[in-house]
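Bear in mind these aren't lab numbers, they're just calculated from the coordinates by the rules spelled out. Values in this document were obtained by computation on a predicted structure and should not be read as measured data. As a convention, Cβ positions derive from the backbone with ideal geometry for all residues, glycine included, and neighbour counts pool all protein chains shown.
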Amino acid sequence: MAKILVHVTVGPGDPTKAALAFFVARAVIEESQHLVLFVAGDGVHLLTAKSAASVEGLGSGKLSDHFEAINAATTAEIYYSGMSAKVRNIAPDDIVLRGATPGNPNKLVQLIAECDKVISY
């Protein structure tokens, strides 16, 4: 089983790319690989209920569908940039991905070093 990091910095301003990032994260789970997800920058906006309900990509599906699959996974590690969320007034209670843990750049670097593959959106 490969450990695959999906790093998301794109926000709701590019809904197709944003949904694609989580579509790929979902595919990691569906392919029985170990998903590590780190969301930072404008990407933290995607983790709110408002974005989850409204973002849909052209050919990359609904963000809410991808979140449902990711939330059902038992082995996914999910992190978001605490600093990115704070400066965008997104509180921990606003995050809709279950088990999401705030992280920082040091944590991201640790994850990159630990993972077999890194995909960035």
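Listing for the model above:
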| item | result |
| --- | --- |
| Those helices (runs of 4 or more DSSP H) lying entirely in the range 21-107 with at least 2 residues surrounded by 15 or more Cβ atoms within 10 Å (Cβ to Cβ) and within 10 Å of the chain's Cα centre (by Cα) | 63-72 |
| Single match in Ile4, Ile78, Ile29 (criterion: touching a Lys or Arg at 6+ places or on another chain (Cβ under 6 Å) and aliphatic (A, V, I, L, M)) | Ile4 |
| Qualifying residue in the range 65-83 (condition: without any contact (Cβ under 8 Å) to a residue 24 or more places away in the chain and polar (S, T, N, Q)) | yes |
| Cβ pairs under 9 Å, 6+ apart, first in the range 8-26 and within 16 Å of Leu108 (Cβ to Cβ), second basic (Lys, Arg) and surrounded by fewer than 20 Cβ atoms within 10 Å (Cβ to Cβ) | Val10/Lys17 |
